[in-house]
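Below: one structure, written as structure tokens.
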Amino acid sequence: MRRPLVAGNWKMNGTRSSVAALVDGIKAGIDGVTAEVVVCPAYVFLDQVRAALAGGPIGLGAQDVCDRDEGAFTGEVSGPMLAESGCNWVIVGHSERRQYYAESDALVAAKFAAARRAGLTPILCVGETLEEREAGRTEQVVERQLAAVAEHNGAAAFAEGVIAYEPVWAIGTGKTASPEQAQAVHAFVRDWLRARAGAAVAEAVRILYGGSVKGANAAELFAQPDIDGGLIGGASLKAEEFLTICRAAA
Ligand code: PEP
């Protein structure tokens, strides 16, 4: 049985005071939520959020990690630094990193490895653009992104991570994949895992859906057999909306 997981990606949003209010709001409503819940603030708020979450059930993640562990890499943040800051999770390969910062499949695979070296659970994002979907290339693109990680880390490494299927055309656009569209890709990912890493890994790995998930559409997405929760952007910035999504992942 896979425990549902809901992770909030706060992106480059917030101030110290708005982050404090958001964490307080989520903490106030977390009792009774059975899903595992993680929040991913910007680096500069990690320490503040770690302190606010201490002793509670909500996990802490970062939004990115350097593929190297230390050295002359100006502006980067390493896995050991994130671990020391209290993170247990890190998002790798978010489409905004792939699109705006030209992160290649190979770099994302190296970041997945860096996360594991530091004892962090990578949340690996995969997904196609609208153009790729319309060209009938969704599975090909997702398979390419997964294969790069398998080549670098070995397919068994997926057992130590989480996969988030995030169609690029659904992120921050208000357009959500239908439950059937999302389930089809999730089933494809699980079949791919079964073929590459074996049935035990395929059945154990959580595959999240991300892309304009809201309180109003979360339950029908999470009801799909291969959708094990969500990676939530915009809606994770509102405590009540995020909690509604968390409660839908029962
Ligand atoms: C995301 O950034 O991972 C995401 C899913 O964003 P949104 O929920 O805003 O579409």
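Do we find a residue being open to solvent by less than 10 Å² (accessible area, probe 1.4 Å), more than 23 Å from residue 226 (Cα to Cα) and out of contact with any Lys or Arg (no Cβ under 8 Å at 6 or more places or on another chain) anywhere in segment 25-40? Checking segment 25-40: at least one residue is open to solvent by less than 10 Å² (accessible area, probe 1.4 Å), more than 23 Å from residue 226 (Cα to Cα) and out of contact with any Lys or Arg (no Cβ under 8 Å at 6 or more places or on another chain).
Please go through segment 92-106 and pick out each residue that is free of Cβ contacts under 8 Å to residues at least 60 places away in the same chain and in contact with a strand residue (DSSP E or B) (Cβ under 7 Å, 6 or more places away or on another chain). Answer for segment 92-106, where residues must be free of Cβ contacts under 8 Å to residues at least 60 places away in the same chain and in contact with a strand residue (DSSP E or B) (Cβ under 7 Å, 6 or more places away or on another chain): 92, 93.
Is it the case, given these coordinates, that residue 157 is away from the ligand (no atom under 14 Å from the Cβ), more than 25 Å from residue 96 (Cβ to Cβ) and in contact (Cβ under 8 Å) with a residue 24 or more places away in the chain? The answer is no for residue 157.
Of all residues in segment 211-236, those being within 17 Å of residue 169 (Cα to Cα), open to solvent by less than 30 Å² (accessible area, probe 1.4 Å) and outside any loop (DSSP other than H, G, I, E, B) number 6. Within segment 223-250, residues that are over 12 Å from residue 39 (Cβ atoms) and at pLDDT below 95 have Cβ atoms under 6 Å from residues that are among the β-branched types (Val, Ile, Thr) and more than 10 Å from the ligand (Cβ to nearest atom) in these pairs: 250/34, counting only partners at least 6 apart in sequence or on another chain.
Only one of these is within 15 Å of the ligand (Cβ to nearest atom), part of a loop (DSSP other than H, G, I, E, B) and among the hydrophobic types (A, V, I, L, M, F, W, C): 164, 177. Name it. Exactly one of 164, 177 is within 15 Å of the ligand (Cβ to nearest atom), part of a loop (DSSP other than H, G, I, E, B) and among the hydrophobic types (A, V, I, L, M, F, W, C), namely 177.
Among the residues of segment 82-91, not a single one is without any contact (Cβ under 8 Å) to a residue 12 or more places away in the chain, of a type outside the set (Val, Ile, Thr) and open to solvent by less than 20 Å² (accessible area, probe 1.4 Å).
Determine whether segment 122-142 contains at least one residue that is open to solvent by less than 20 Å² (accessible area, probe 1.4 Å), part of a helix (DSSP H, G or I), over 21 Å from residue 38 (Cβ atoms) and away from the ligand (no atom under 16 Å from the Cβ). Looking through segment 122-142, at least one residue is open to solvent by less than 20 Å² (accessible area, probe 1.4 Å), part of a helix (DSSP H, G or I), over 21 Å from residue 38 (Cβ atoms) and away from the ligand (no atom under 16 Å from the Cβ).
For segment 75-97, the condition of being farther than 17 Å from residue 41 by Cα, assigned to a loop (DSSP other than H, G, I, E, B) and of a type in the set (A, V, I, L, M) holds for none of the residues.
The values are calculated or read from the model by the stated rules, or taken from the named source; none is laboratory data. Everything numeric here is computed off the predicted structure, so don't read it as measured data. Neighbour counts run over all protein chains shown; Cβ positions are idealised from the backbone, glycine included. Areas reflect the complete protein model, heavy atoms only, side chains present, ligands, DNA and RNA absent. Shrake-Rupley method; radii C 1.70, N 1.55, O 1.52, S 1.80 Å.
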